[in-house]
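What follows is a short report on a single structure.
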Amino acid sequence: MHIPEGALVSLLGARGSGKTTLLRLAAGLNAVSSGRLTWNGVAVVGPSLQRGVVFQDYALFPWLSVVDNIEIAIAKAKPTVRKAERLVEAGQYLRDLGLETAIGKYPGELSGGMRQRAAIARALALGSPLLLLDEPFGALDPVNRARLQDLLLEVWELARPRKTIVFVTHDVDEAIYLGDRLIVLGSSPGRVIADLAVPLERPRERRSLLDSHSLHGLREQVAATLLEDTLQRLKAA
Amino acid sequence: MSDYIALAKQELSVTPIPAASIEPGAAPGRLSHALESVSVWIVLLLFWAVASVHLPQGENPLLPSPVITAQALWESLPDLWAGTLSSLAILIPGFALATLLGVVSGLTVGTSSRLQRVFLPFAQVAGPVPPTVYIPYAIAILPTFKLSAIFVVFIGAFWPIFQNSVAGANALEQRYRDNARILGLTRFEYQRRVVFPAALPHIFTGMAVGLAFSFILLTVAELFGANAGLGRFVQYYADFADYPRMVAGILYTGLVTFLAMTLLDAVRRRALFWLQ
């Protein structure tokens, strides 16, 4: 599997298909036991600021205010910048993600959607060219989920140079709506059962997309692949 | 007070159910809640007053009446205040040192599996030793009584704080550890900005146990060789069979302990405001 620079790749799979493990390997949080994993030609041996991660559970530090949670990331990314300037920059990231009212608050005071916005702000503040997102919107209600998907696309499309994003999800529509490319993991963990291009124009319009034929075709193709995989596993069992 | 929900152009009225009808027999005012919480005190005080009068006691009653005790307390206040200062001069340094060393060493050990293998077996043996047994030896070894008492208070408060700090560091959630690694925090930053705040609930539990121990050890140590202090005050008047002053000293010491624990709890609430 090769992920080119600047791509937005959706990693789709059922629970237990190893998509989170794959993401943790890419982040350097888990060690590779066999096979090869490289980043810009160099083997991944541990975490790096080059690869930001947003987890499915809200992993902001609850004892730091939202702005301090962002500031700590900037402090690591740009150690020479003075604290006052770092705080200003942190506030800017939060404003960009629509969190101007949450700057001085603590994560426990925020809704799930706002916390996840702050988590994305922190990942952006790290300045990593690669973002690894592990079901970041999995715990959100449909409205917030759609909003944050659009926000993510907006942030990604505006950034120059474009960040590379690996987006892990088990939601087929989300995977298609966001990705340039769809990698489907099978139920025997760690096996790629499909690698499909998403032939949809950008910027994507949620409403017109819902009626588009290419979306329907793709969705059916993915569903058929997943079904076949499940049947094979049942046969094997 | 009522709100309306528009439902298919039909208005449904929503009226909150009064609390009293949810909990039958619940008292309506704050006054009665206050009465509930002081009722134990009132009953105990009445029992004390009745018992002190009706129990067959001699010239020098072992259970002096509340009024006599209150008088003794009032007259002893200057002595008791001096005793408080003398006791706090032992308690505060001992407890503060135990907190500092207990938290620093506990978090250091708690974040290293090797240090845990080295130190935890030792802590399991040394921790449960009742610190009171060190008192005579400490008094013999250290140059002044005050230093020995500080040492004993320190030992008593250290272990619960150390053990809870280790437990707090161990209980750190995986997601915060992952987060710290992704941010690339140095070991010191990790300790200070992640492990320490995450372990604070455990640390405060250890401090509360340690503070209660400190008071026990303080007063016991004062029985041995002090010439001032709260424990010494009680022992002194017990030796003279001055029971009103002795009981007053017991009550006063209880109050000081209660105030110290309340203060610690207030600090805990402030420090842990972020906890849901």
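At a glance:
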| quantity | calculated |
| --- | --- |
| Per-selection Kirkwood Rh - the range B:28-119 (Cα, Å, 1 d.p.) | 18.6 Å |
| Using alpha-carbon coordinates, inclination of helix A:83-96 to the longest axis of chain A, degrees | 40 degrees |
| Chain A, helix-only ellipticity at 222 nm - DSSP H runs n ≥ 4, -39,500 (n - 2.57), divided by all residues, nearest 500 | -13500 deg cm²/dmol |
| Cα-centre dipole for the range B:121-248 with unit charges at Cβ (Lys and Arg positive, Asp and Glu negative), debye to 20 | 480 debye |
| Peptides ranked, highest mean first, by Cβ atoms within 10 Å: ranges B:168-178, B:255-265, B:239-249 | B:239-249, B:168-178, B:255-265 |
| Nonlocal amide H pairs with A:Trp39, under 5 Å, H built at 1.01 Å | A:Val44 |
| Student exercise, the range A:103-237 dipole from Lys, Arg, Asp, Glu Cβ charges, in Debye to nearest 20 | 400 debye |
| Distance-filtered residues of the range B:210-231 - backbone nitrogen under 19 Å, label point 7 angstrom along B:Leu85 Cα→Cβ | B:226-231 |
| Order of B:Trp81, A:Trp63, B:Trp48 - criterion: other Cβ atoms within 10 Å of each residue's Cβ, fewest first | B:Trp81, B:Trp48, A:Trp63 |
| Cα pair distances of the range A:84-215 binned at 5 Å [whole percent] | 2, 8, 18, 21, 20, 15, 9, 5, 3, 0, 0 |
| Peptides ranked, highest mean first, by Cβ atoms within 10 Å: ranges B:145-158, A:126-139 | B:145-158, A:126-139 |
| Derived scalar couplings ³J(HN,Hα) [the range A:73-80; Karplus, 6.51 cos²θ - 1.76 cosθ + 1.60; whole Hz; x for Gly, Pro] | 5, 5, 4, 7, 6, 10, x, 8 |
| Cβ-based exposure ranking for B:Ser87, A:Ser212, B:Ser76, in which fewest neighbours within 10 Å come first | A:Ser212, B:Ser76, B:Ser87 |
| Placed amide H near A:Val198: partners under 5 Å, 5+ positions off or other chain | A:Arg181, A:Leu182 |
| Share of alpha-carbon pairs per 5 Å distance bin for chain B, given as whole % | 1, 5, 9, 11, 11, 11, 10, 10, 9, 8, 6, 4, 3, 2, 1, 1, 0, 0 |
| Under 19 Å from the Cα of A:Lys78 - aspartates and glutamates, other chains or at least 8 residues apart | A:Asp68, A:Glu89, B:Glu189 |
| Check: the protein assembly as shown dipole with +1 on Lys, Arg Cβ and -1 on Asp, Glu Cβ, in debye | 1660 debye |
| Cα convex hull of the range A:147-208 - mean projected area over all directions, nm² | 4.9 nm² |
| Rg(Cα)/(2.2 N^0.38 Å) for the range B:172-276, N = residue count | 1.63 |
| Per-residue mean of C-beta atoms belonging to partner chains within 10 Å, peptide A:47-56 | 3 |
| Rg to Rh, two decimals, where the range B:117-165 supplies the alpha carbon set and Rh follows Kirkwood | 1.04 |
| Descending principal axes extents, the range A:1-144, alpha-carbon based, whole Å | 45, 40, 27 |
| In Å, descending, principal axis extents of the Cα set of the range A:61-127 | 33, 22, 17 |
| Highest-MSF residue in chain A out of A:Arg15, A:Arg145, A:Arg36 [GNM, Cα springs under 10 Å] | A:Arg36 |
| Cα extents of the protein assembly as shown along the three principal axes, largest first (Å) | 104, 69, 56 |
| Cross-link partners of A:Lys19 among lysines (Cα-Cα below 26 Å; sequence separation of 8 or more within a chain) | A:Lys163, A:Lys235 |
| Under Karplus coefficients 6.51, -1.76 and 1.60, residue-wise ³J(HN,Hα) of the range B:139-153 in Hz, glycine/proline x | 5, 5, 7, 7, x, 10, 4, 4, 4, 5, 5, 4, 4, 5, 4 |
| Highest-fluctuation residue, B:Thr111, B:Thr186, B:Thr132 considered, GNM on chain B with Cα pairs under 10 Å | B:Thr186 |
| 0 to 90° range, to nearest 10: angle between helix A:112-125 axis and chain A longest Cα axis | 80 degrees |
| Whole-Å distance, taken between Cα centres, linking the range A:172-220 and the range A:1-50 | 20 Å |
| Antiparallel DSSP beta bridges within chain A, percent to nearest 5 | 25 percent |
| Choice from B:Ala212, B:Ala167, B:Ala49 showing the highest fluctuation, given a GNM over chain B with Cα pairs closer than 10 Å | B:Ala49 |
| Theoretical ellipticity at 222 nm over chain B - DSSP helices of four or more residues, -39500 (n - 2.57) apiece, nearest 500 | -25000 deg cm²/dmol |
| Rounded Å value of the spacing that divides the Cα centres of the range B:133-166 and the range B:52-123 | 13 Å |
| Leading residue at positive end of dipole, the range B:68-271 (Cβ point charges), from B:Phe145, B:Gly225, B:Tyr243 | B:Phe145 |
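Read-outs throughout are calculated quantities, based only on the coordinates presented, and are distinct from any laboratory measurement. The structure presented is a predicted model; accordingly, all values stated were derived computationally and were not measured. Don't worry about glycine lacking a Cβ; one is built from the backbone with ideal geometry, like all the others, and counts go over all protein chains shown.
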